[in-house]
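Worksheet: the structure to be examined is printed underneath.
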Amino acid sequence: MIAKPLSGPAAIAALPRNRLIGEFSLWSADLANMERDLKRIEAHADLHHIDVADARFTPGFLFFPDLVARIAKLTAKPIHVHLMVEAEIVEAQTRQFIEAGADLVTIHAENGEAGRRAVRLARELGAEAGVVLRLETPVSAIVPFLPDVAFVTLLGTSIGVKGQSLSEQACPRLIEARTLMRQAGREADIILAADGGIRHETVPLLRAAGADTVVLGSLAFGDPDLAQRMAWLHGLKAAA
């Protein structure tokens, strides 16, 4: 078991803000060799991203609390759980994944009032909370969540399907989200994340549009020289 120097809100607050954050999606790891892949990325990841799907809110099933609990014992890095689930189970799932070791749980704004209760629950349980939007949801849906979250994640592709191209709406939506964060007086406190359609040619565009982190899948796991890939990523500049 690896000891974590920080957990929950402290771990999220300690994420670097002077460069693009390295957020690794474990959906793109070799699931039969998860421990091996965690060891490979440990020196390069700032944050692990774990998708959870209930096959109702999204097309298929994805990870479960027992796996998160196992992963939490194998890494010193914070764990970000993205809950892609229906409103009627989002509070129960929030509790289960925090108990399993999640430091940050992001809740879909589409879950409505249940989603807002889940955000409050996450913080009551000692974890950090975030809000995430499907591509088709107006960016303004984040506004009720802004006082209470540390992460805003915008999907740049249709939810729950790998390998899609980045929507042309993705960058304008990031710019709009940052404007709303600024208007709420929370821009300095919230990390803005882009998830989906992450490619060599799209990451600079997303960074320039205001992303503080992008959720890395095959771009990282498929690169034989991960150190070089991360050096490139860290060198990308945000818009002035």
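Straight-line cross-link partners of K77 among the lysines, defined as a Cα under 16 Å from its Cα and at least 8 positions apart when in the same chain: K4, K39. For segment 82-98 versus segment 1-33, the spacing of their alpha-carbon centroids is 20 Å. Protection proxy ranking of 8-15, 160-167, 72-79, 57-64, by the mean of other Cβ atoms within 10 Å over each peptide's residues and highest first, is 72-79, 8-15, 57-64, 160-167.
As a length-normalised measure over Cα pairs under 8 Å and 6 or more apart, the relative contact order of segment 8-235 settles at 20 percent.
For the chain, the mean residue ellipticity at 222 nm estimated from helices alone is -10000 deg cm²/dmol, where every DSSP H run of n ≥ 4 contributes -39500 (n - 2.57) and the total is divided by all residues, rounded to the nearest 500. Identify the GluC sites (Glu not before Pro) of segment 1-109 meeting these criteria: DSSP loop state and at most 10 other C-beta atoms within 10 Å of the C-beta. Hits after loop and neighbour filter: nothing returned.
Ranked by the mean number of other Cβ atoms within 10 Å of their residues, highest first, the peptides 115-125, 132-142 come out as 115-125, 132-142. Could you list which residues have their amide H under 5 Å from that of H82, counting only those 5 or more apart in sequence or on another chain, with H placed in the peptide plane? Correct list: I50, D51, V52, T106. Computed over the chain, the P(r) tail beyond 25 angstrom holds 34 percent of alpha carbon pairs. Okay, which of segment 143-187 sit inside 19 Å, backbone N to the point 7 Å along the Cα-Cβ direction of R199? Backbone N within reach: 155-174. With neighbour counts taken as other beta-carbon atoms within 10 Å, the residues I98, I107 rank, fewest first, as I98, I107.
Taken together, the values in this text are just the output of simple stated rules run on the coordinates, not laboratory data. A quick note: this is a predicted structure, and the numbers were derived from the prediction, not measured. Quick reminder, even Gly has a Cβ in these numbers, built from the backbone with ideal geometry, and neighbours come from all protein chains shown.
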